[in-house]
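Read through the structure below, which is laid out as structure tokens, and then see the notes.
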Amino acid sequence: MKLNRNIVAGLCFVGFGALAVALLIPHGIVQPPSVKYRALSPSFWPYIVCSGIAVIGALLLIYELLAAARTKEGAADAAAPATARSAWIAGRPFVVMALLLAIYLTLEFLGFVLTTTLGLVALMPLAGERRPLIVAPVALLLPLALHLFFVKAAQRPIPGGVLDFLLQRI
């Protein structure tokens, strides 16, 4: 069986999720002696996210292995010549890392909602989603919903940045 990029990605996701849940989170996040609600524990959401990453990786692996078994490893992919598109795909992780660094560096000044909105608008086309009717609502509503959840429900501060005066009124 030929390893395609989805199988490699699935293995990486499962490996990272398992490593984070087993070692990184327990040893890297300091737990206070008593937390009234488990959902407010500093390690709760990292466990949820990393477990989700591992599950998504496992589902991707299962999907790709079943697809490979059905198609008996289509020979068309193996014979396809390398193109300029292949070079762009190979460089895409570096573009993503540069965008994530820009998000990290501007988060405090611009605030979570604005930075994440701009980041999603930049990252979603790299992931293959180019439909404006999908990109715009997701990029606008997801950061706002996350901000409201963490600030109002979980009562955890999130940087408001330049939009802080508007976000405080919500």
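What the table shows:
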{"read-out": "Of all residues making up the range 149-169, the number that are part of a helix (DSSP H, G or I) and under 19 Å from the mean Cα position of the chain (by Cα)", "value": "2"}
{"read-out": "Any hit, the range 141-156, residues being farther than 23 Å from PRO42 by Cα and either surrounded by 17 or more Cβ atoms within 10 Å (Cβ to Cβ) or of a type in the set (D, E, K, R) (or both)", "value": "no"}
{"read-out": "Entirely in the range 27-135, the helices (runs of 4 or more DSSP H) that have 1 or more residues that are at pLDDT 90 or above and open to solvent by 50 Å² or more (accessible area, probe 1.4 Å)", "value": "44-71, 84-110, 112-126"}
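The values are calculated or read from the model by the stated rules, or taken from the named source; none is laboratory data. Just so you know, these numbers come straight off a predicted model, no measurement behind them. Note: ideal-geometry Cβ built from the backbone for every residue, glycine included; neighbour counts use all protein chains shown. Ligands, DNA and RNA are stripped out before the accessible areas are found, and what is left, the full protein with its side chains, is counted by its heavy atoms. Shrake-Rupley method; radii C 1.70, N 1.55, O 1.52, S 1.80 Å.
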